[in-house]
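For reference, the structure discussed in these notes is given below.
The values are calculated or read from the model by the stated rules, or taken from the named source; none is laboratory data. Keep in mind the model is a prediction, meaning the values are calculated, not measured. Using ideal geometry, Cβ is built from the backbone for each residue, glycine included, and neighbour counts are taken over all protein chains shown. Surface areas here come from the heavy atoms of the whole protein model, side chains and all, with no ligands, DNA or RNA. Shrake-Rupley method; radii C 1.70, N 1.55, O 1.52, S 1.80 Å.
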Amino acid sequence: MAMALEDIIQAVEMWLKMISKKSEAYVNPDLDPVLLVPGIAGSILNAVDDDGKEERIWVRILGADHEFRSKLWSRFDASTGRTVSLDPKTRIVVPEDRYGLYAIDCLDPSMIVGRDGVCYFHDMIVEMLKWGFQEGKTLFGFGYDFRQSNRLPEIMSRFAAKLESVYTASGGKQLTIITHSMGGLLVKCFMSLHSDIFEKYVKNWIAIAAPFQGAPGYITTSLLNGMSFVEGWEQNFFISKWSMQQLLIECPSIYELMGCPKFNWKVVPRLEIWRAKPNTDGNSAVMLESYEPEDTISIMKEALSNNMVNVDGSEIHVPLNLDILKWAYETKEILLRAKLPSKVKFYNIYGMNCETPHSVCYGSEQTPITDLKELLPFKAQYICVDGDGTVPVESAK
């Protein structure tokens, strides 16, 4: 039944594409080209099997959690820095339709799930087309496998090729890059590693809500408790927090979003835990323990030490990945070395006046934690600072 419904949805999607083709829109030939780069989870991902069959795995509705676990759960290869699917028959690709815009427009193009929550750059693309931008001439997108490191050589090579292709398609005009969230880290890595190419092709860089020094509150809880993109009853049709957590533990991009330990924080992000420990008289004493970024690693390591997933009947150990942590620290060093070329203009847009998770507290004086492994199902309390709701102002600035 599920497969029949999926066939119907795919047929409806194809029909909608056909009827949505518009007559020639207004085109302004004097516009400079623009490349849109999304953040984490902001690109459609397709799974391709050994027979070449391709299906959308992110984002989807029918069988979403099952397909996510079977096709997208991953392991990190320390020798290459690449995250690969646990299923050896699956490889993940990003669709290149519409000059890269399709993958970052609406993440679930189906009619059934067509809702604001799965639109990404959609509204911006619609408006820019009204202003005279033209897909493939002055408007482009760069989708990528957001599981991977922001400095993965494969992604850096694809980005270099994208810059060159945009430059060529527009008749030799330098371009403006607009990044959102983690896309800012990807571009900053590229700028640091390939400054000559960046300066050759880029005229302006506009960063929106970039977590330049990390998003410590959300990332801590994402690794320990998972991440939910949908609230309420709709969670039943989407990816569970636990399934998402198991993916994120093997994603270099997530570790690269942890609070930067070398940044001179005015307000240092902390992990706080109310813990009950036996004292000398045999009773328990409840104390609030507080850990700075570098000290939180040992706590997270212990909390995730017994984390397991079942894949095709086999139990696989998924602890905090110290190889990824090492890789992420090297990425942060690359980010710290980045310098903006003198001829490139940079605009930084960030949000303020929203309560934004910064530090995290587990337990309370009345319900303390006795075993760190209890943190995984425990609901954390956020200690907030000023920001956009996800990225603290201090990090985005």
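For residue 354, nonlocal amide neighbours, meaning residues 5 or more places apart or on other chains whose placed amide H falls under 5 Å from its own, are 387, 389. The packing ranking of peptides 247-260, 351-364, 144-157, highest mean first, is 247-260, 144-157, 351-364, where packing means the average number of other beta carbon atoms within 10 angstrom of each residue.
Taken about its Cα centre, region 23-138 carries a charge dipole of about 380 debye when Lys and Arg each add +1 at the Cβ and Asp and Glu each add -1 at the Cβ. Residue-normalised convex hull volume from the C-alpha trace of the chain: 164 Å³ per residue. For a straight C-alpha distance cut-off of 28 angstrom, the lysines reachable from residue 130 (same-chain residues fewer than eight places away being disregarded) are 17, 21, 22, 162, 173, 203, 345.
Using helices alone, I'd like the mean residue ellipticity at 222 nm for the chain: each DSSP H run of four-plus residues gives -39500 (n - 2.57), total over residue count, nearest 500.
Value at 222 nm, helices only, nearest 500: -9000 deg cm²/dmol.
Accessible area per residue for region 1-395 is 48 Å², calculated with a 1.4 Å probe on protein heavy atoms, without ligands, DNA or RNA. Helix 322-337 and the longest principal axis of the C-alpha atoms of the chain enclose an angle of approximately 60°. Dipole of region 1-395 computed with +1 at Lys/Arg Cβ and -1 at Asp/Glu Cβ about the Cα centre; of 319, 195, 239, farthest Cα towards the positive end is 195.
Shown for region 329-397 is the translational diffusion coefficient from the Stokes-Einstein equation, using the Kirkwood radius over Cα pairs, a temperature of 10 °C and a viscosity of 1.306 mPa s: 104 µm²/s. Evaluated with a Cβ-only charge set (Lys, Arg +1; Asp, Glu -1), the chain carries a dipole of roughly 1160 debye about its Cα centre, given to the nearest 20.
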